[in-house]
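Step one of this worksheet: look at the structure below.
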Amino acid sequence: MMHARPVVGIIGNSYEMNDRYPVHAVGTMNSAAVAEVAGCLPLLIPTDPRFVSVPELMAVCDGFLLTGGRPNVHPAEYGQPETPAYGHFDRARDAITLPLIRACVAAGQPFFGICRGFQEVNVAMGGTLHPEIRELPGRMNHRMPPDAELAEQFAPRHMVHLTEGGRFHRILGASSVLTNSLHGQGVCQPGARIVVEGRAEDGTPEAIFVDGADGFTLAVQWHPEWNAAADPVSRPLFEAFGAAARDWAAQRSGQAQATQRQPGLAVVCDRAGV
């Protein structure tokens, strides 16, 4: 008997195609990583509260991939005024992902944050962001080469040093890993319960999780979806995320089966005069 794959909701981004036609979109490499490496069914989510709600998404999906994207989390979400330095925004995505992250943390439902998704996890837990990492003293430029070919943009750029014995160290089997880098913003103040387990060579936070959460809450500032099936850093992360989604799906299935058995049990007990 074929078992259904766990469903992973992939958080989409909003933009205008040809500068006039509004769309929701997800990078193909995200879907490929979820399907081919995590072993889950990718489901593209239109992140707009007019169309979906957090409870509906949590009822349908077994986990969530919080993708990267050009728009940034609006600074009002962490108490800062909007300025041109913060770039483009997607307020509809903010309205879905931030409460979704908090709800998943409370329920133990797994999610995996990537780039903007990494920043969303920090903001959702009360943290703040720097609008431009490269302008800070002693920091390197973490942005991709803007006019380069895709392979060069996603090429490895710097090392990330991981906490010995931490979650990322255990999953990746190494204390330092080589990653790509395609972000301008970054974590300023970590949110409540946010544990930084990986930093770039210049001290920039690159790998985090939510302390005390029952589920998988890992997030990275780099883009592991690139070449995920072959990359020795990306593959273990997506495999671990897929395992967490399968565990959640199995738990949900067990609860459903128990609920379905209860009415029958009640009938038997009633007939037996209990």
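The values are calculated or read from the model by the stated rules, or taken from the named source; none is laboratory data. Here the structure is a predicted model, which is why all the values come from computation and not from measurement. Heads up, the Cβs are rebuilt from the backbone with ideal geometry, glycines too, and the neighbour counts pull from every protein chain shown.
With (1) hydrophobic (A, V, I, L, M, F, W, C); (2) more than 14 Å from the chain's Cα centre (by Cα); (3) under 30 Å from Arg235 (Cβ atoms) as the list, and Ala95 as the residue in question, which single condition is left unmet?
Result: Ala95 passes all but (3).
Any idea how many residues of segment 101-116 are surrounded by fewer than 23 Cβ atoms within 10 Å (Cβ to Cβ) and part of a helix (DSSP H, G or I)?
5
Report, ordered by the first and then the second residue, all pairs with beta carbons closer than 6 Å, sequence separation of six or more or different chains, a first member in segment 143-156 that is more than 19 Å from Glu132 (Cβ to Cβ), and a second member that is not in a loop (DSSP other than H, G, I, E, B).
Taking only residues 6 or more apart or on different chains, the pairs are Pro156/Leu178.
Answer yes or no: is there a residue in segment 79-96 that is surrounded by 17 or more Cβ atoms within 10 Å (Cβ to Cβ), in contact (Cβ under 8 Å) with a residue 24 or more places away in the chain and closer than 24 Å to Glu197 by Cα.
The answer is no; no qualifying residue exists.
For segment 167-176, indicate whether the set of residues that are more than 25 Å from Gly27 (Cβ to Cβ) and among the hydrophobic types (A, V, I, L, M, F, W, C) is non-empty. Quick ask: steps written out before the conclusion?
If we filter segment 167-176 for residues that are more than 25 Å from Gly27 (Cβ to Cβ), which is where we start, we get 167, 169-170, 173-176.
Right, trim to among the hydrophobic types (A, V, I, L, M, F, W, C) and you get 174.
Yes - at least one qualifying residue is present in segment 167-176.
Report yes if some residue within segment 64-77 is at pLDDT 95 or above, of a type in the set (A, V, I, L, M) and over 15 Å from Gly126 (Cα atoms); otherwise report no.
yes
Given the condition among the small types (Gly, Ala, Ser) and closer than 17 Å to Gly68 by Cβ, answer yes or no: does some residue in segment 128-139 qualify?
Just the residues of segment 128-139 that are among the small types (Gly, Ala, Ser), to begin with: 138.
Narrowing further to those that are closer than 17 Å to Gly68 by Cβ: none.
Scanning segment 128-139, I find no residue that is among the small types (Gly, Ala, Ser) and closer than 17 Å to Gly68 by Cβ, so the answer is no.
When residues of segment 18-75 are filtered for being buried (at least 16 other Cβ atoms within 10 Å of the Cβ) and in contact with a helix residue (DSSP H, G or I) (Cβ under 8 Å, 6 or more places away or on another chain), how many remain?
Number of matching residues: 29.
Can we say Arg246 is over 21 Å from Glu197 (Cβ atoms), surrounded by fewer than 16 Cβ atoms within 10 Å (Cβ to Cβ) and touching an Asp or Glu at 6+ places or on another chain (Cβ under 8 Å)? Steps first, please.
Numbers: over 21 Å from Glu197 (Cβ atoms): yes; surrounded by fewer than 16 Cβ atoms within 10 Å (Cβ to Cβ): no; touching an Asp or Glu at 6+ places or on another chain (Cβ under 8 Å): yes.
Spelling it out, it is not the case that Arg246 is over 21 Å from Glu197 (Cβ atoms), surrounded by fewer than 16 Cβ atoms within 10 Å (Cβ to Cβ) and touching an Asp or Glu at 6+ places or on another chain (Cβ under 8 Å).
Confirm whether Leu129 is buried (at least 18 other Cβ atoms within 10 Å of the Cβ), of a type in the set (A, V, I, L, M, F, W, C) and within 19 Å of Gln185 (Cβ to Cβ).
Numbers: buried (at least 18 other Cβ atoms within 10 Å of the Cβ): yes; of a type in the set (A, V, I, L, M, F, W, C): yes; within 19 Å of Gln185 (Cβ to Cβ): yes.
Here the answer is yes, as Leu129 does meet what is asked.
Quickly run through segment 147-180 and pick out the residues that are in a helix (DSSP H, G or I) and surrounded by 15 or more Cβ atoms within 10 Å (Cβ to Cβ). Spell out how you get there, then give the answer.
Step one: list which residues in segment 147-180 are in a helix (DSSP H, G or I), which gives 150-153, 167-172.
Within segment 147-180, Gln153, Arg167, Phe168, His169, Ile171, Leu172 qualify.
For Asp231, work out the one condition from (1) touching a strand residue (DSSP E or B) at 6+ places or on another chain (Cβ under 9 Å); (2) at pLDDT 95 or above it doesn't fulfil.
For Asp231, the failing item is (1).
With assigned to a helix (DSSP H, G or I) and either in contact with a His (Cβ under 9 Å, 6 or more places away or on another chain) or basic (Lys, Arg) (or both) as the only criterion, which of Arg134, Arg199 stands out? Break it down into steps so the answer makes sense when it comes.
Details: Arg199 fails: assigned to a helix (DSSP H, G or I).
Only one candidate qualifies: Arg134.
What's the total number of residues in segment 202-212 that are part of a loop (DSSP other than H, G, I, E, B) and more than 18 Å from Met140 (Cα to Cα)?
Restricting attention to segment 202-212, the residues satisfying the condition of being part of a loop (DSSP other than H, G, I, E, B) are 202-204, 211-212.
Retained after the next criterion (residues that are more than 18 Å from Met140 (Cα to Cα)): 211-212.
Summing the residues that are part of a loop (DSSP other than H, G, I, E, B) and more than 18 Å from Met140 (Cα to Cα) in segment 202-212 gives 2.
Run Ala85 past the list (1) small (Gly, Ala, Ser); (2) under 18 Å from Gln189 (Cβ atoms); (3) modelled with pLDDT of 90 or more and report the number of the one that doesn't hold.
Looking at each condition in turn, Ala85 falls short on (3).
Identify the residue in segment 196-208 that is among the hydrophobic types (A, V, I, L, M, F, W, C), out of contact with any helix residue (DSSP H, G or I) (no Cβ under 6 Å at 6 or more places or on another chain) and in contact (Cβ under 8 Å) with a residue 40 or more places away in the chain and, among all such residues, is surrounded by the most Cβ atoms within 10 Å (Cβ to Cβ).
To start, the set of residues in segment 196-208 that are among the hydrophobic types (A, V, I, L, M, F, W, C) comprises 196, 200, 207-208.
Narrowing further to those that are out of contact with any helix residue (DSSP H, G or I) (no Cβ under 6 Å at 6 or more places or on another chain): 196, 200, 208.
With in contact (Cβ under 8 Å) with a residue 40 or more places away in the chain added as a condition, the list becomes 200, 208.
On the way: Ala200: 23, Ile208: 29.
The extreme case among them is Ile208.
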